[in-house]
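To start, the structure under review is shown below, and the notes come after it.
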Amino acid sequence: MDRAIPAALSLVHGAYLQDKFKPGQMVALYGKVEQDKNGELQIIQPQIEMLGDPGEAGGDGAEKKAAESLEIGRIVPIYESIGQARLTPRWFRRVIRTALESLTPDLPEPIPAVIRSRLRLISPQEALWKVHWPEPGESLNDLQSWHTPAHIG
C-alpha cells in the first residue's frame, strides 16, 4: 500500500518519524485518534509496525507479518504505559499473551458446574482469554462497560 497519511490526519509530535519510512514500504499505523481544537484528526502516541520493505517479493512477507501481529486486524486490549513509558501497551500484550498460552488446560473451576451451567458462566480460562483477546465482533460498548460473558464469568 503506497498511500500517504491523509493531510487531515497528523501524528502528534511525529516529526521524528519523517526519515523512518521509505516509499513503497508497508506499515501498520494505529493509535488513539482525537480531534484537535481546529477539528483536524491526530493520532496520539502512534504505534507503528513495519510490515514490509520496498522490493520485497510479492508482498507475502507483509501479509504474513500482519497475520502474526498481536495488534493488527483484531480488538486489542489497551494497557497504560508504565515505568516512564518503558513498559508499553505492546509489551503488556506480548507478556499477557505468553502467560495465557502457558496456562494449564485443567485450570481449576472454583464455581460448581451445576451453578456455572445455571448462570451460563464460561470457564475461568475462557474468561481470561476473552477479557484480554475479545472475539471479533464483540460489542465495544459491552467491552468498555465490562458486560461481556468473559467479564461476568
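Descriptive notes on the structure:
- Relative contact order of region 67-148, defined on C-alpha pairs under 8 angstrom at six or more residues apart (%): 31
- Summed side-chain charge close to S117 - residues other than S117 whose Cβ falls under 15 Å, Lys, Arg +1, Asp, Glu -1: +1
- Ordered by solvent-accessible area of protein heavy atoms (1.4 Å probe), largest first, the residues E68, E49, E80, E34 come out as E80, E68, E34, E49.
- Taking a ≥ b ≥ c as the square roots of the eigenvalues of the Cα gyration tensor, region 62-104 is classed as oblate, since a/c reaches at least 1.5 and a/b does not exceed b/c.
- Radius 14 Å from Cβ of Y79, net charge of other residues (Lys, Arg +1; Asp, Glu -1): +4
- Once backbone amide H atoms are built at 1.01 Å from N, M26 has L51, G52, D53 as its partners under 5 Å, excluding neighbours fewer than 5 places away on the same chain.
- For Q47, distant residues with modelled amide H under 5 Å away: Y30, G31
- Judged by the ratio a/c of the largest to the smallest principal axis of the C-alpha gyration tensor, region 25-153 counts as prolate, that ratio being 1.5 or greater while a/b is larger than b/c.
- Put the Cα centre of region 28-42 next to the Cα centre of region 110-130 and the gap is 39 Å.
- Surface accessible to a 1.4 Å probe, S117 within the full protein complex, Å²: 80
- Once both labels are positioned 7 Å from their Cα atoms along Cα-to-Cβ, the gap between A66 and K32 label points is 2.6 nm.
- For I96, the solvent-accessible surface computed with a 1.4 Å probe is close to 40 Å², ligands and nucleic acids excluded.
The values are calculated or read from the model by the stated rules, or taken from the named source; none is laboratory data. Everything quoted here is computed from the prediction, not taken from an experiment. Please note: Cβ atoms are built from the backbone with ideal geometry, for glycine as well, and neighbour counts cover all protein chains shown. The protein model used for the area step is the full one, side chains on, heavy atoms only, and it has no ligands, DNA or RNA in it. Shrake-Rupley method; radii C 1.70, N 1.55, O 1.52, S 1.80 Å.
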